[in-house]
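Only one structure is covered here, and it is reproduced in the block below.
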Amino acid sequence: MAENGIGASVRRKEDYRFITGGGQYVDDINRPGQAYAYFLRSPHAHAAIRGIDASQALAAPGVLAVLTGDDVKAAGWGGLICGWMVKSKDGSDMKAGPHPILCQGKARYVGDPVAMVVAETYLQAKDAAELVEVDYDVLPACVATDKADQPGQPQVHDGIANNAVYNWELGDKAAVDAAIAAAAHVTKLDFVNNRLVPNAMEPRAAIGDYDRASNGFTLHTTSQNPHVARLVISAFVGVAPEHKLRVIAPDVGGGFGSKIFIYNEECACLLASRMVRRPVKWTAERSESFVSDAHGRDHVTHAELAMDRDGRFTALRVHTKANMGAYLSTFASCVPTYLYATLLAGQYKTPAIYCEVDAVYTNTTPVDAYRGAGRPEATFLLETIVETAAKELGVDPAELRRRNFIEPSAFPYQTPVALVYDIGNYGAHLDKALELADYAGFAGRRAKSEARGKLRGVGFSCYIEACGIAPSAVVGSLGAGVGLWESAKIRFTHTGVCQVLTGTHTHGQGHETTFAQLIADKLGVPIDNVEVVHGDTDKTPVGMGTYGSRSLAVGGQAIVNAAEKIIAKGKKIAAHLLEAAEADIEFQNGSFTVKGTDRSKSLGEVVFEAYVPHHIPQGLVEPGMEETAFYDPANFTYPSGTYICEVEVDQDTGVVEIDRFVAVDDFGKVINPMIVEGQVHGGLAQGIGQALIEGCVYDEAGQLLSASYMDYCMPRADGLPDFQIATTETPCTHNTLGVKGCGEAGAIGSPPAVMNAITDAIGVRVSMPATPEKVWRALQNRQMPQAAE
Amino acid sequence: MAKVSMTVNGQNVTRDVEPRTLLVEFLRQHLDLTGTHVGCDTSQCGACVVHLDGRSVKACTMLAVQCEGAKVMTIEGLAQNGELHPMQAAFREHHGLQCGFCTPGMIMSAIDLVQHNPSPSEDEIRHWLEGNLCRCTGYHNIVKAIKAGAASMGG
């Protein structure tokens, strides 16, 4: 292994600036002459806008402009789009209502931007916004996911009947119906997958900067995918041709999906900048983030799992209603369909699966991908129903799972829900997790808890995820508006510095380190001589960004492929310098060597010769050492794992304490174990947060009651356990690195493990989040009949 | 406008500010010390923690004018002559940060903990961090970093 190469827990290259206050996030950037924006947002979930009078605001100190939907219309700019076409089962296109940059005639959720005030200072803009008079005609709001498509509900978009976005299906319904009819046992459950707010610690921000000389724009924004932002803002909003729009995302303070999407505010800052001829900066206050960052999850589901006499799964039937909020956000449509139903086979060889999804509009904040995106919802459903089935059959939950696992010899394995798993060994991580969790000792621990008046339970989750998104032709056939390949450019300088320009972007994952390790491993360049460049459409090749645990499996492979091209070119030069045949040159540990001899040239010498080609005959190679690769994956990657959670419940208070949490994951090859463990920790915290404390609460009028850190419960240090983490390894078969991706696993696998443990402890199911109040009430209800006896 | 003077990271500074200017706005906008972050508007997240006369405070919850004559230390003032403070070094060594946004507040808060309690237990560290939110790390490695940082601070 090269020093600091693949497999080493290298300390992160990016950390120095973050621990010394030198990070540069969008809000840390100030442009000369910059003005500030404040967005006036609808206080109503649903209202017709009869008029906007900005005259007083315009007269207020420092105010430069007040923009409304009319200004966007006058500029000839369009609205935001959803980039994934999902078709209903009758073949019709999904119903995408218009999504204006600033409201045009109607506000459709609390937080919908109605007007934008631009002033010399932020506080002047904010003060002046109070002087903008908006004449609202408040309308009844449609809020509840399960009722949104029922007759008589308020209509979110004109001309879209019953708020129905699409009615989509996947799988063989007839086969599933027949199998369920013939089953020895059917477990039936209803689920609510609670709506969450992503809550990246850095609030969204944008600086729009119009340049009169070039008639072009620069947008600094908090983005996970600057090129996708440029594409959408250019081609669909119609701001400027792509070459007239530079998008820069500097350090990004967490995203978890919420910074994939293209948002109103960044487009409005561009327009305002052109109008006032100055850079215009906006930074969200946290209260704005709560109502304007796309939310996650929000499913209502009924599921039935059929099995034969031996507890072998024969069919799974699922019906889900998915809340899209008031508008279709950038990738919203694919989350409860292609990122959800395709995962319903899990780790099991269930032969027949059918899933039907009704997506609905409501007068709530748009919902889109949040860490895991569809896969946590699928895993929660599947792993809860499997555990419930085990209880109903009186079989150990680990044993029932093992009985239904796809065996290691069965790969590649075609599931009944479109995916082909390339590799896995599910028994391996189950065994390891059972051992680490001391499952054998559970009964003893439960008895001890009971002796102290506490209830103890254990819960499992055996998850699978599809990541490394994604083969372009496959996603194209499913409705994606883009290809999901990735790009990389490796550029050496005269002095041997290696720049790696990648189309992915980091928002905390440590790409500057992991990608440098790839270079150290493949090219033998010390990581201190490697600079990873990302997040700027003018610097990097066109790329698709970071989400869906794709950066290493797709972007990393592009880097490796570019490195192979560097080696191939270097061999030509080295062969000439060493007076040998190209076929006789080997490259290892940063040196080109003539096979079987000690004659060699270092990569640095070869690079220097490429730039100072005094000894290279004309026509042998082009000068310079810079290579680009685009990589389109052949398949998704399929990380899997077993999570075991053990909880203790206080019967008097309903408080759930996690006593132990074991996570054993198979991520294939691991480049930097320290970083991978960190990704798992963070995912687990978000999944445990969903299970125990997090959840959006809307009232009937569509007011978000949980719209601040005073009201939305975030995981804190004293509510989480010390995690026990381990890995097993089956290398991915279709990338040369053998990697799968690790960013989302924790959030996907953990909620059912926690909830199954609580059910095991208290004997009844409660919905997420399992707050102390909910658990306490469940215990009271459970105990009442006993008290009556 | 109000005139306010204080010592920030050892430098005397005087500025004219609007009376409603928060300490964090003063640091970020008037002094360009952008290492102190703003992550919420309800004093919950702790991304803005700095030291005021040696004690940790949330810079979003104080007015700049309240700090007249005070000594303020921010994340930028911790490393001396290019040498990291032991708590900074511990965060790097133990992977106590990912996106880095909460990190300055975490480090400033952790140093104050160790000043109060030179050898905190894991439970004490977790309890102390109730005023600091992190969305990336699950706190696991932050707790380990603080424990190690406390040890190398001499606890």
Peptide-level mean, for B:41-47, of C-beta atoms on other protein chains within 10 Å: 5
1.4 Å probe, heavy atoms, protein only - residues of segment A:665-697 losing at least 50 Å² accessible area vs chain alone: A:His681
Whole-number accessible area per residue in Å² for segment B:86-152, which is evaluated in the context of all protein chains at 1.4 Å: 28 Å²
Interface residues in segment B:63-105 - accessible area drops by 50 Å² or more relative to the isolated chain, probe 1.4 Å: B:Arg92, B:Glu93, B:His95, B:Leu97, B:Gln98, B:Cys99, B:Phe101
Translational diffusion of chain B, µm² s⁻¹ [Kirkwood Rh, Cα pairs; Stokes-Einstein; 10 °C; 1.306 mPa s]: 102 µm²/s
Net charge dipole size for segment A:7-57 [Lys, Arg +1 and Asp, Glu -1 on Cβ; Debye, nearest 20]: 180 debye
Normalised alpha carbon radius of gyration of segment B:2-77 [divisor 2.2 N^0.38 Å]: 0.96
Extreme residue, positive dipole direction of chain A, given options A:Cys732, A:Val606, A:Phe191 (C-beta unit charges): A:Val606
5 angstrom amide H check on A:Leu245, placed H, neighbours 5+ away: A:Phe217
Where Rh is the Kirkwood radius over Cα pairs, Rg/Rh for segment A:149-214: 1.24
Förster radius 41 Å - calculated FRET efficiency between A:Tyr611 and A:Ala440 (Cβ-Cβ, nearest 0.05): 0.05
Added length on full extension, which subtracts the Cα-Cα distance from 0.36 nm per residue, A:Asn30 to A:Val764: 258.8 nm
Cα-based Lys proximity count in segment A:569-684, under 17 Å, for pairs eight or more positions apart or on separate chains: 5
Student exercise, the protein assembly as shown dipole from Lys, Arg, Asp, Glu Cβ charges, in Debye to nearest 20: 460 debye
Under 12 Å, Cβ to Cβ, from A:Glu729 - net charge with Lys/Arg +1 and Asp/Glu -1: +1
Under the Debye formula (equal points on every Cα, no solvent term), log10 I(q)/I(0) of segment A:581-716 at q = 0.11, 0.21 Å⁻¹: -0.74, -1.26
Compactness of segment A:45-156 as Cα Rg over 2.2 N^0.38 Å, two decimals: 1.31
Residue-by-residue Karplus 3J(HN,Hα) for segment A:206-217, coefficients 6.51, -1.76, 1.60, Hz, glycine and proline x: 8, 10, x, 9, 8, 10, 5, 4, 9, 6, x, 10
Packing-based order for B:46-54, A:171-179, A:90-98, using average beta carbon neighbours within 10 Å, highest first: B:46-54, A:171-179, A:90-98
Cα pair distances in segment B:88-155, grouped into 10 Å bins until the bin that holds the longest one, percent each: 24, 64, 13
Shielding by other protein chains, A:253-264, mean Cβ within 10 Å: 2
In Hz, Karplus ³J(HN,Hα) per residue of segment A:546-553 (6.51, -1.76, 1.60; θ = phi - 60°; x = Gly, Pro): 10, 5, x, 6, 9, 5, 7, 5
Loop GluC sites (Glu not before Pro), segment B:66-111, which have at most 12 other Cβ atoms in a 10 Å radius of their Cβ (DSSP): B:Glu68
Long-range HN-HN contacts of A:Phe236 with modeled amide H, under 5 Å: none
Area projected by the alpha carbon convex hull of chain A, averaged over all directions, nm²: 37.4 nm²
In order through segment A:695-704: 3J(HN,Hα) via Karplus (6.51 cos²θ - 1.76 cosθ + 1.60), integer Hz, x for Gly, Pro: x, 7, 10, 9, 8, 5, 8, x, 7, 7
Average accessible surface area per residue within chain A, 1.4 Å rolling probe, Å²: 34 Å²
Ranked by how many other beta carbons lie within 10 Å on average, peptides A:441-454, A:675-688 from highest: A:675-688, A:441-454
20 Å reach of a label modelled at A:Met710, 7 Å along Cα-to-Cβ, counting backbone N of segment B:52-81: B:58-63
Expected 222 nm ellipticity per residue - DSSP helices of 4 or more, -39500 (n - 2.57), all of chain A, to 500: -8500 deg cm²/dmol
Interface size A-B, as summed buried accessible area [1.4 Å probe, Å², nearest 100]: 4200 Å²
Shielding of A:397-406 by partner chains, average beta-carbon count, 10 Å: 0
Shape metrics for segment A:709-789, restricted to C-alpha atoms - Rg then Dmax, Å: 19.0, 65
Translational diffusion coefficient (Stokes-Einstein; Kirkwood radius from C-alpha pairs) of segment A:485-631 at 4 °C, 1.567 mPa s, in µm²/s: 83 µm²/s
Inter-site label distance for A:Gln104 and A:Arg212 at 7 Å from Cα along Cβ, in nm: 2.9 nm
Measure of compaction for segment A:180-307 (Cα Rg per 2.2 N^0.38 Å): 1.49
Listed pairs A:Lys489/A:Lys539; A:Lys147/A:Lys774; A:Lys489/A:Lys740; A:Lys87/A:Lys173 exceeding 20 Å between Cα atoms: A:Lys147/A:Lys774; A:Lys489/A:Lys740
DSSP-defined beta bridges in chain A - what % are antiparallel, rounded to 5: 80 percent
Carbon and sulfur %, accessible surface of the protein assembly as shown computed with the full protein complex present, 1.4 Å: 50 percent
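The values are calculated or read from the model by the stated rules, or taken from the named source; none is laboratory data. All figures in this text were calculated on a predicted structure; none of them were measured in a lab. Quick reminder, even Gly has a Cβ in these numbers, built from the backbone with ideal geometry, and neighbours come from all protein chains shown. Quick note on the areas: whole protein, heavy atoms, side chains included, nothing else; ligands and nucleic acids left out. Shrake-Rupley method; radii C 1.70, N 1.55, O 1.52, S 1.80 Å.
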